[in-house]
1. Just to check your reading of the model, which residue among Arg181, Arg163 is out of contact with any strand residue (DSSP E or B) (no Cβ under 6 Å at 6 or more places or on another chain), closer than 30 Å to Arg352 by Cβ and of a type in the set (Lys, Arg)?
2. When region 135-176 is examined, which residues are found to be part of a strand (DSSP E or B), buried (at least 23 other Cβ atoms within 10 Å of the Cβ) and more than 12 Å from ligand 2 (Cβ to nearest atom)?
3. Within region 220-242, restricting attention to residues that are closer than 19 Å to Ile309 by Cβ and within 16 Å of ligand 2 (Cβ to nearest atom), which residue is surrounded by the most Cβ atoms within 10 Å (Cβ to Cβ)?
4. Residue by residue through region 243-253, note down the ones that are within 12 Å of ligand 1 (Cβ to nearest atom) and free of Cβ contacts under 8 Å to residues at least 40 places away in the same chain.
5. Could you check how many residues of region 51-73 are touching a residue at least 12 places away in the same chain (Cβ under 8 Å) and either among the basic types (Lys, Arg) or farther than 22 Å from Val206 by Cβ (or both)?
6. Which one is nearest to ligand 1 (Cβ to nearest atom), of the residues in region 217-242 that are out of contact with any helix residue (DSSP H, G or I) (no Cβ under 8 Å at 6 or more places or on another chain) and outside any helix (DSSP H, G or I)?
7. Between a first residue in region 338-366 that is in a helix (DSSP H, G or I) and a second residue that is basic (Lys, Arg) and away from ligand 2 (no atom under 15 Å from the Cβ), which pairs have beta carbons less than 8 Å apart while being 6 or more apart in sequence or on different chains?
8. What's the total number of residues in region 333-366 that are within 28 Å of Met292 (Cβ to Cβ) and more than 16 Å from ligand 2 (Cβ to nearest atom)?
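The values are calculated or read from the model by the stated rules, or taken from the named source; none is laboratory data. As the structure is a computational prediction, the values presented were derived from the model and not from experiment. All Cβ positions, glycine included, derive from the backbone under ideal geometry; neighbour counts span all protein chains shown.
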Amino acid sequence: MNQNPSFTAETASLPMAVPASMASTWVPATLPSLVGRTRAGLIAALAEIGVPEKERRMRASQLWHWIYQQGARDWSAMTTIGKDLRMRLAAHFTLALPEVTSEQMSTDGTRKWLMRMAPTGPHDRGAEIECVYIPEVGRGTLCVSSQVGCTLTCTFCHTGTQRLVRNLTAAEIVGQLMVARLRLNDFPSQLGAHGTVPRNDDSRLVTNIVFMGMGEPLYNFESVRDAIEVMSDGDGLSLSRRRITVSTSGVVPQIAPLGQDVSAMLAISLHAVRNDLRDELVPLNRKYPIEMLMQACRTYPGVSNARRITFEYVMLKAVNDSDAEARDLVRLLKGIPAKINLIPFNPWPGTRYACSDWDRIEHFSDIVFRAGYASPVRTPRGRDILAACGQLKSETEKLSARARMILDDETRSNGAAMSDPSA
Ligand code: SAH
Ligand code: SF4
């Protein structure tokens, strides 16, 4: 629903084609979308279009129901909302979602979507992120991105080679879940697509969310917190917070707030048991070394044997996979209610690492298993489509300051020419 026909995603990527309307004040290509907003965001939208204050909460609940419970894609579907208000909403807002620019399906059923976000300014061609759906028996996990790229530079991670472009908004994070559920026909309003059998919550296709896509979620704390609030709301998308896991490379100061304000499950990307090695693999360790990280885990609000912290450990051949390291790992986690996830390293073009041999992983896992940690090896999923952990990377690169200057200059001169009626 492009409200401004002279401006499309394609023209946005070409400096010469930037339209006059963007000269001084940039005009977005489309109206803002309501999908992905928090309740407060919906109430604010209703206030913007003049809905009386005493009605706003009730109207927001109606919108909430249609958007998040029913997956409505059209204003006309919102039959509990009067026609007048629907028309006013349609004149000011859309129900747009991130655009899927490519979909790949692995031989194991894993799906990877490349999603393009709406442009945020004249020099933004619409940032792209990746989102992966992993079906398993009895559950389906959606791996969402929290940032476009990453500021951290973990040496074994593909995303780490892409510079940070920007943080995603809460709506853009929720948008990934909405896109996935709609693509999978996972809303009750899409029943027809599944046949006639009514489906309840238990038969949902997306049952779990992991913040393990692109980006460091704890560097985008507010958006991640708000997105989880929307995803876990019982009247809407209704995913239990116990089924939402936030994975961090170890942003220590944000760990306690995550437990307090969000009460999501925590996963720590540990990958090494000594500071010298972790400094190299996860450079953030130089700022927040292992001891500090472990202390934050010991005191994580809500941690218990029923709510354990997951420690992720990528298996890198001849780097971190010795028996001694397995024993040190067990020692390090002593006293912390923990699960250990051994992740076979997923290779990507240009990497200097290799995945540990299978018998090495088995030895390592045996030691961990004997210490009381069950089924610790994560089966790689979607490797054939580069959808596995750490393989995600989009082509979106931050424009250099110089490129942005040229683009802004073009915008200005185009604008000047176009505002001249004789031009
Ligand atoms: N930035 C967050 C979340 C995204 S990374 C974090 O680092 O935790 C999600 C998980 O994939 C992390 O545990 C990360 O260490 C792991 N990972 C990164 N690259 C990988 C690779 N090439 N193979 C296997 N796991 C990888
Ligand atoms: Fe960023 Fe996580 Fe990759 Fe490290 S492992 S570069 S924190 S996405």
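1. Working: Arg181 fails: closer than 30 Å to Arg352 by Cβ.
Arg163 is the lone residue from the list that is out of contact with any strand residue (DSSP E or B) (no Cβ under 6 Å at 6 or more places or on another chain), closer than 30 Å to Arg352 by Cβ and of a type in the set (Lys, Arg).
2. Hit for region 135-176 is Leu142, nothing else.
3. Val224
4. Quick first cut of region 243-253, residues within 12 Å of ligand 1 (Cβ to nearest atom) only: 245-251.
Passing the criteria: Val246, Thr248, Val251.
5. Taking region 51-73 first, the residues touching a residue at least 12 places away in the same chain (Cβ under 8 Å) are 51, 56-57, 59-73.
Filter once more, keeping what is either among the basic types (Lys, Arg) or farther than 22 Å from Val206 by Cβ (or both): 51, 56-57, 59-62, 73.
Qualifying residue count for the region: 8.
6. The selected residue is Asn220.
7. From region 338-366, the pairs are Arg360/Lys317.
8. Of the residues in region 333-366, 11 are within 28 Å of Met292 (Cβ to Cβ) and more than 16 Å from ligand 2 (Cβ to nearest atom).
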